[in-house]
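The values are calculated or read from the model by the stated rules, or taken from the named source; none is laboratory data. All figures in this text were calculated on a predicted structure; none of them were measured in a lab. FYI the Cβ positions are ideal-geometry reconstructions off the backbone, even for glycines, and counts take in every protein chain you see. Heads up: the accessible areas ignore ligands, DNA and RNA and are worked out on the full protein's heavy atoms, side chains in. Shrake-Rupley method; radii C 1.70, N 1.55, O 1.52, S 1.80 Å.
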Amino acid sequence: MTDSDFPGSKLASALSQPVSVTWQSPSNIALVKYWGKTGRQLPVNPSLSMTLSNAITVTKLTALPRETEGPVELDFWFEGNQNEAFGARMSKFLVSINDIFPWLTQVRLKLETHNTFPHSAGIASSASAFSALALCLCSLDNEFFNIVLDESEFRSKASYIARLGSGSACRSLFPGFTVWGKTKSLPGSSDLLAVPVSEVHPVFTTLNDTILIVNKKEKPVSSSEGHNRMVGHSFTEARIKQAGINTGELLDALKTGNKQKFISIVENEAFTLHALMMTSADGFMLMEPETVRIITRVQQLRKETGLNICFTLDAGPNVHLLYFEDEIEQVNKLIVEDLLKNNEQNLRINDLYGTGPIKIN
Ligand code: DP6
């Protein structure tokens, strides 16, 4: 799929009645991190993620009749309320893809969205939100213009559109493990959209991801701002090279079922992401003392117990603890008795390997 695959059609006549579509789409956790972008939302390095199961956004998009064409008109509802800040980001995205979907200015749009995960935990997921919206847009586009695509072509189209909303969102369209960004380690990989990883040892389909909440407040530097700080970063060249190598190595670990290799690459990526933040020209730190305590403890506990546990971090202080189904009981004990011991509310979100978005009729 390339830019020229979007003919950019207009509706022949105004809609006579509202048309609605609903999708639910999950978030994903990056194992090799996307950090730095260029051009029209193109990544500077390949990334690899696991699609999750429980952190889901459900989005209903309705196109309503409109008499005359004009600027994008969006009525945005989040969790049953009008949310200006989020609505503004969604509007900006819709305006930016008007060249791809010219019909966006021929209808009025109503977007109703809610998350299945508690917003009290401060896990705002642009990945689930933009992938769900992209799926709705692609469904409407197919319906308006009688476009027939097979399942894989449809997901690819939605991945392409999701990328334009939020880079990491393009990886949420597929089950399991996904790569976004061209890499010689995976034929067919692309900067324009994500592709699913097909060769995965069954042990990795039993991965759990428990998010240990360190701080639920909004982070002081957004991901989008963090990507900007990679421009002119002195480590850029080395980082791009490292991400390519880590992607290849992780693909190999996933294929062969090599847990040790998986753990060492995943932690290396988490440390690198935060090191890049700290060493950018306008350096910043998103880890908190408790983040450092937990990740240090995870490494110690792995040595002491022999359990296959490891951590990754997103652009924030919360720790994603990764572990396998067969050790779930022992790990849960460690979470409660040790890793969350300073967390009065025991705040965590349990998630796991997921099977991708679902259309809701
Ligand atoms: C640290 O996808 O949120 O989570 O493209 O600006 O929307 P935008 O950024 P975003 O960046 C995610 C960064 C990350 C790593 C990752 O998910 O790969």
(message) Among the residues of the range 89-110, are any in contact with a Lys or Arg (Cβ under 9 Å, 6 or more places away or on another chain), under 17 Å from Ser27 (Cβ atoms) and touching a residue at least 40 places away in the same chain (Cβ under 8 Å)?
(response) no
(request) For the range 29-42, name all the residues that are under 26 Å from Cys310 (Cα atoms), assigned to a strand (DSSP E or B) and more than 8 Å from the ligand (Cβ to nearest atom). (result) Leu31
(request) Would you please name the residue that is farthest from the ligand (Cβ to nearest atom), looking only at residues in the range 179-189 that are of a type outside the set (Gly, Ala, Ser) and surrounded by fewer than 24 Cβ atoms within 10 Å (Cβ to Cβ)? (result) Pro187
(request) Kindly indicate whether any position in the range 306-321 is open to solvent by 70 Å² or more (accessible area, probe 1.4 Å), of a type outside the set (Lys, Arg), in the same structural domain as Glu267 (by TED's automatic domain parsing) and away from the ligand (no atom under 16 Å from the Cβ). (result) no
(message) Every residue in the range 55-79 that is modelled with pLDDT of 95 or more and in contact with a Pro (Cβ under 9 Å, 6 or more places away or on another chain), please.
(response) Ile56, Thr57, Thr62, Ala63, Leu64, Pro65
(message) Among the residues of the range 335-345, are any open to solvent by 20 Å² or more (accessible area, probe 1.4 Å) and either in the same structural domain as Val195 (by TED's automatic domain parsing) or among the aliphatic types (A, V, I, L, M) (or both)?
(response) yes
(request) Can you tell me which residue within the range 161-178, out of those that are touching a Leu at 6+ places or on another chain (Cβ under 7 Å) and small (Gly, Ala, Ser), is nearest to the ligand (Cβ to nearest atom)? (result) Gly165
(request) Look at Pro196 and say whether it is more than 13 Å from the ligand (Cβ to nearest atom) and under 23 Å from Phe130 (Cα atoms). (result) yes
(request) Would you check if there is a residue in the range 17-29 being within 24 Å of Leu250 (Cα to Cα), open to solvent by 10 Å² or more (accessible area, probe 1.4 Å), at pLDDT 95 or above and not assigned by TED's automatic domain parsing to the domain that holds Asn228? (result) yes
(request) Consider Val336 carefully, then state whether it is within 28 Å of Ser126 (Cα to Cα) and part of a helix (DSSP H, G or I). (result) no
(request) Of the conditions (1) surrounded by fewer than 22 Cβ atoms within 10 Å (Cβ to Cβ); (2) in contact with a Phe, Trp or Tyr (Cβ under 7 Å, 6 or more places away or on another chain); (3) under 21 Å from Leu164 (Cα atoms); (4) of a type in the set (Gly, Ala, Ser), Ser53 clears all except one; give me its number. (result) (3)
(request) Please specify each residue of the range 194-205 satisfying the condition of being touching a Leu at 6+ places or on another chain (Cβ under 8 Å) and not acidic (Asp, Glu). (result) Ala194, Val195, Val197, Val200, His201, Phe204
(message) Within the range 136-158, does at least one residue satisfy the condition of being more than 13 Å from Lys359 (Cβ to Cβ), aromatic (Phe, Trp, Tyr) and either without any contact (Cβ under 8 Å) to a residue 40 or more places away in the chain or more than 16 Å from the ligand (Cβ to nearest atom) (or both)?
(response) yes
(message) Against the condition of a type in the set (A, V, I, L, M, F, W, C), under 21 Å from Phe204 (Cβ atoms) and open to solvent by less than 70 Å² (accessible area, probe 1.4 Å), how does Leu352 come out, does it pass?
(response) yes
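Any idea which of Ser47, Ser9, Ser13, Ser20 is polar (S, T, N, Q), away from the ligand (no atom under 16 Å from the Cβ) and in contact with a strand residue (DSSP E or B) (Cβ under 6 Å, 6 or more places away or on another chain)?
Of the residues listed, the single one that is polar (S, T, N, Q), away from the ligand (no atom under 16 Å from the Cβ) and in contact with a strand residue (DSSP E or B) (Cβ under 6 Å, 6 or more places away or on another chain) is Ser20.
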(request) For Ile56, work out the one condition from (1) away from the ligand (no atom under 16 Å from the Cβ); (2) of a type in the set (A, V, I, L, M); (3) closer than 29 Å to Ile265 by Cα; (4) out of contact with any Ser or Thr (no Cβ under 9 Å at 6 or more places or on another chain) it doesn't fulfil. (result) (4)
